[in-house]
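Step one of this worksheet: look at the structure below.
The values are calculated or read from the model by the stated rules, or taken from the named source; none is laboratory data. Please read these numbers as outputs of a predicted model, since none were measured by experiment. Here the Cβ is made from the backbone with ideal geometry for all residues, glycine too, and neighbour counts use every protein chain on show.
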Amino acid sequence: MSASADVHADHIRCEQIDTLYRNATLGVLGAYAAAFVVIGAEVAAGDMAWPIALAWFASVNLVVGHHLLLHRLYWRARKTATPGRGWEVWFIVAAALDGVWWGCAAILLSPPERFDEQMLTLGVAFIVATGAVPAFASYLPAFLALFIPTTVMTLVWHATRPGVLHHALAMLTGVFIVTVLGLGRSANANFTKTVRLRFEKDALAEDLRREKESAEKANLSKSRFLAAASHDLRQPIHSLVMFVGALSRHPMNDEMRRLINHIETSVHAMDGLFGSLLDISRLDAGVVQPRKQPFPIAPLLERICREYTQEATEKGLSLVLHPSSAFINSDPVLVERILRNLIANAVRHTNHGRVLVGCRRAREQWRVEVWDTGPGIAPGDRERVFDEFFQVENPERDRNKGLGLGLAIVRRLASLLDHRLELYSRYTKGSVFKLTLEAANPLTRTEQPLALANASAFLRGLILVVDDEPLVLEAMRTLLVAWGAEVLVARSGAEMLARISANTRQPELIVCDYRLRDGENGLDVIHRLQAEYSEDVPAVLITGDTAPDRLQQAQASGIVVLHKPVANSKLRATIGNLVNRRHAALQKAIAQVDPSDA
């Protein structure tokens, strides 16, 4: 027997004894009441031998008192500790006394010649013996200790009496013994099986809980490792992006320009991978907050389909968009990200036929559907396609077929927006993705998107850059100088404070890395630098972290956050927007003080 089986056996024994003591009291009191009935009947018949009857009834009281005292002592001990093995022994002794008491009833209480009184006593004794099945069968030795004396003594007594009726009763008693013994054994087996299954289920649940905790710890450890690895990998890529941007502004021949273009292509590919990983991390961290509003779906679908029309045409596909007048209520940026991924996947994985995009009305909702005539998805893979890095037909990890992150992002975004996402597919025939969106009333006006600022406003300004990586610091300085800005760099907040003390110029912007050395935090550095100036200097926080807690902290700061590697165009547009907004705010403040200068 294995160690686990031994543990279960011990637990089962404890449960059997608990059930025995829990059920026995009611059965014992019922038998005590039956003893009064038997004594009363014998007294009424007038044939009872008083000394024997009194001795029998005195034994009844002793046995019942023993049961009640044992029950009380057991449950008192049970409150403080698991009961030891002595308790079942004491119960077996009490049950055996019960059996002897009832076995003697039919022999001693009624004269042998009074068959009717014999039948009454025998019937009550057998009722008590039958009642032992539900009361005592949880622990088989206790059941046998009561049942065997009660029935076997009666069997032997009637078998040794002369007369056909006594012999018939002996045979019937034998049939009764075999039948009720079988029922008792079956009840014990069922009870033991039920209890064993319960303990095994509890053990499995405990194992599952431990495995879940272990998996959560492993996942947390993996997330921390990936966050650290992602941060370390993003640093050189971020530097490379800025160096390539600065280098591309210099004169060069055609061959050098071709090499620079190849480098930019590779950098964009890495940027795409890291951007997708960052999207997964941000969604898991809960830092993406939907901003739902009514908007028409048609311009969004037209824009996406227009972007992929050339790719579809080059593959010989027909990309068809059905016109729609649908207005929906959702976050237009996140919905666009979902539909862009679905349409891009359909075009990428379809080699012949067409891709069809359209909307259907579904009561108070609109359902955007993307159909394709691609290879379809096998039933076993339809759930797995939403897992990270899983691709049905890309074992060689061809980057031209995608990264395997698009549908993982789609599912997370659909869940975040509380939109239903459905996939239907026929293997080798094609697939359809359906996104159900809340319908909205047509808008009376639409918000105009914020235009990107012209970067010329900051080319003559001073920018403070703080980063603990020398390579990143040099790349940032080189790029910003190439754009015409004056740059002051430092590797820590203290170093930057020392440098600005010798510089009287007001900075236009602060650019700071999030995680610095010696536990220094980019948010704290920005706040310390802003405190040095009377005016609120705009700031950009740049981070390579993907850890959920850091993403949440950065998001909650209210400072513009860019994630490494940052595309040069995005960095340029962000800086331009921040500086232009600051200048506009300053002009407005001046106009309020002196309207003639406005």
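Before moving on, here are some points about what is shown:
- Residue ID - nearest to the chain's Cα centre (by Cα), chosen from residues in the stretch 473-517 that are farther than 14 Å from V540 by Cα and among the charged types (D, E, K, R): R517
The rows are residues; the columns are (1) modelled with pLDDT of 80 or more; (2) buried (at least 20 other Cβ atoms within 10 Å of the Cβ).
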| position | (1), (2) |
| --- | --- |
| I39 | no, no |
| E42 | no, yes |
| G84 | no, no |
| A96 | yes, no |
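- Any hit, the stretch 112-129, residues being among the small types (G, A, S), modelled with pLDDT of 80 or more and within 55 Å of the chain's Cα centre (by Cα): yes
- Of the residues screened, G406 is not one that is closer than 23 Å to H352 by Cβ, modelled with pLDDT under 55, assigned by TED's automatic domain parsing to the domain that holds R367 and crowded, with 18+ Cβ neighbours inside 10 Å.
- Among residues of the stretch 251-264 that are of a type outside the set (K, R), those with a Cβ under 6 angstrom from a residue that is outside any loop (DSSP other than H, G, I, E, B) and modelled with pLDDT under 75, sequence gap 6+ or separate chain, pair up as I263/V244; E264/V244.
- Some residue of the stretch 468-486 being assigned to a strand (DSSP E or B) and β-branched (V, I, T): no
- Residues of the stretch 139-157 that turn out to be surrounded by fewer than 24 Cβ atoms within 10 Å (Cβ to Cβ) and touching a Leu at 6+ places or on another chain (Cβ under 6 Å), as a count: 0
- Filter pass, L497 being touching an Asp or Glu at 6+ places or on another chain (Cβ under 9 Å), without any contact (Cβ under 8 Å) to a residue 60 or more places away in the chain and assigned to a helix (DSSP H, G or I): yes
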